[in-house]
Amino acid sequence: MIKARADRFSMAHSSTQPAYSDEGELIARARAGDAAAFTQLVERYERRIYRLARHITQNDEDAEDVLQDSFLKAFQHLNDFQEQSRFYTWLVRIAVNESLMRLRKRKPGRFVSLDEEIDTGEETVAREIAVWDDNPEQRYSQQELRQILMQAVDSLSPIFRMVFILRDIDELSTEETARALNISVPAVKSRLLRARLELRDRLTRFFKRKADDVFAYM
Amino acid sequence: MSLLTCDQFLQELSDYLDEEVREDVRRELEKHMAECPNCWVMVDTTKKTLSIYKKLEPDPLPEPLKQRLMHAIQTKIKSPEGG
């Protein structure tokens with residue numbers, strides 16, 4: 001089996017590599033030892049897994065290690081993948097665990113547990129109320145916009161950041177996000193609300209309508 | 001007149017944006033929004049926040065990183081304990 005996978009892997013970068021649109025077929029082929037199929041799975045998700053790892057670890061070197069180790073683990077444990085969940089959700093769970101492991105190594109004793117009870121305290125936060133332009137992102141170049149958005153996400157606490165990335169950037173469902181992070185659905189919902197409101201607040205100073213310099217507070 | 005307070009409205013904001021509220025709750029929220037300019041702004045700007053993030057595509061991997069990743073996978077597949 002291993003030899004067969006290795007032989008086929010050398011074909012993975014050749015021009016004869018078939019492109020499978022159906023993920024179930026790709027997974028079945030990868031399980032049967034088709035390395036080209038596994039490579040296609042990697043290429044399908046490598047950017048999202050790297051972005052996720054980068055947001056959690058906030059460190060390039062750790063994110064690179066997480067990216068590599070996540071796919072290696074996925075390959076090694078491909079037979080453990082249960083078809084009733086999405087492959088990407090399974091992969092995310094591996095990448096989240098790998099990222100958390102690195103965070104714990106880097107900052108022992110400082111890490112906030114994902115299932116910790118938290119006070120989302122919406123009612124205590126003063127919120128800036130200012131109208132935004134219709135397409136406020138058009139004020140900035142793509143590079144500036146990316147920097148603004150990424151800095152805002154990175155400024156969230158890890159427990160809010162991870163829920164926001166999975167739910168609103170990667171567009172996992174609430175249930176998939178709960179499974180990936182091993183927390184309850186109500187915990188996902190309360191953290192998502194907090195994350196969304198905090199990001200909205202942070203972005204208001206970049207996106208509010210120019211004339212709206214006088215604003216109210218809720 | 002809406003019976004909701006702004007704090008109660010805010011607690012339902014995420015579920016409202018995700019279209020996960022019951023019909024009667026949705027109607028109550030929209031009634032509140034029609035009467036409360038601040039809550040209308042909260043909905044509009046939170047909606048725009050999500051829309052802007054959803055349009056954000058992940059960057060391609062830097063080529064050296066991609067090569068290291070593919071090399072590591074190739075090595076793993078060829079190793080005796082590969083898979």
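The values are calculated or read from the model by the stated rules, or taken from the named source; none is laboratory data. What you are looking at is a predicted structure, and each value in this text was computed from that prediction instead of being measured. A quick note on method: Cβ atoms are made from the backbone with ideal geometry, for glycine too, and the neighbour counts reach across all protein chains shown.
Which condition does B:LYS31 not pass, out of (1) of a type in the set (D, E, K, R); (2) closer than 24 Å to A:LEU199 by Cα; (3) surrounded by fewer than 16 Cβ atoms within 10 Å (Cβ to Cβ), if it passes all the others?
(2) is the only condition that B:LYS31 fails.
Conditions first: (1) under 20 Å from the mean Cα position of the chain (by Cα); (2) within 11 Å of another protein chain (Cβ to nearest Cβ). A:LEU181 passes all but one, so which condition is the exception?
Single failed check for A:LEU181: (2).
Restricting to the range B:28-41, name every residue that is more than 7 Å from chain A (Cβ to nearest Cβ) and in a helix (DSSP H, G or I). Steps first, please.
Within the range B:28-41, the first condition is being more than 7 Å from chain A (Cβ to nearest Cβ), and the residues that meet it are B:28-37, B:39-40.
The answer is B:GLU28, B:LEU29, B:GLU30, B:LYS31, B:HIS32, B:MET33, B:ALA34, B:GLU35, B:PRO37, B:CYS39, B:TRP40.
Taking the residues in the range B:1-18 that are in contact with a helix residue (DSSP H, G or I) (Cβ under 8 Å, 6 or more places away or on another chain) and exposed (fewer than 14 other Cβ atoms within 10 Å of the Cβ) as candidates, determine which candidate is modelled with the lowest pLDDT.
By that ranking, first place goes to B:MET1.
Name the residue that is farthest from the chain's Cα centre (by Cα), counting only residues in the range B:10-27 that are facing another protein chain (nearest Cβ under 10 Å) and hydrophobic (A, V, I, L, M, F, W, C). Step through it out loud before you land on a result.
In the first step, residues of the range B:10-27 are kept if they are facing another protein chain (nearest Cβ under 10 Å); the result is B:10-15, B:17-18, B:20.
Filter once more, so that each one left must be hydrophobic (A, V, I, L, M, F, W, C): B:10, B:13, B:17.
Values: B:LEU10: 16, B:LEU13: 12, B:LEU17: 9 Å.
That would be B:LEU10.
Can you confirm whether A:GLU144 is part of a helix (DSSP H, G or I), modelled with pLDDT under 90 and not assigned by TED's automatic domain parsing to the domain that holds A:GLU23?
Values: part of a helix (DSSP H, G or I): yes; modelled with pLDDT under 90: no; not assigned by TED's automatic domain parsing to the domain that holds A:GLU23: yes.
So A:GLU144 does not fit the description; no.
Of all residues in the range A:38-62, count the ones that are over 28 Å from A:MET150 (Cα atoms) and either more than 12 Å from chain B (Cβ to nearest Cβ) or in contact with a strand residue (DSSP E or B) (Cβ under 6 Å, 6 or more places away or on another chain) (or both).
Looking only at that region, the number is 0.
Of the residues that make up the range B:19-37, is at least one without any contact (Cβ under 8 Å) to a residue 12 or more places away in the chain and within 19 Å of A:ARG191 (Cβ to Cβ)?
yes
Among the residues that make up the range B:49-59, is at least one of them part of a helix (DSSP H, G or I) and in contact (Cβ under 8 Å) with a residue 12 or more places away in the chain?
The first filter runs over the range B:49-59 and keeps only residues part of a helix (DSSP H, G or I), leaving B:49-54.
Still in the list and also in contact (Cβ under 8 Å) with a residue 12 or more places away in the chain: B:50.
Scanning the range B:49-59 turns up at least one residue that is part of a helix (DSSP H, G or I) and in contact (Cβ under 8 Å) with a residue 12 or more places away in the chain.
Given B:PRO60, B:PRO64, which one is facing chain A (nearest Cβ under 7 Å), surrounded by fewer than 16 Cβ atoms within 10 Å (Cβ to Cβ) and not aromatic (Phe, Trp, Tyr)? Talk me through it step by step, then tell me what you get.
On the way: B:PRO64 fails: facing chain A (nearest Cβ under 7 Å).
The conditions single out B:PRO60.
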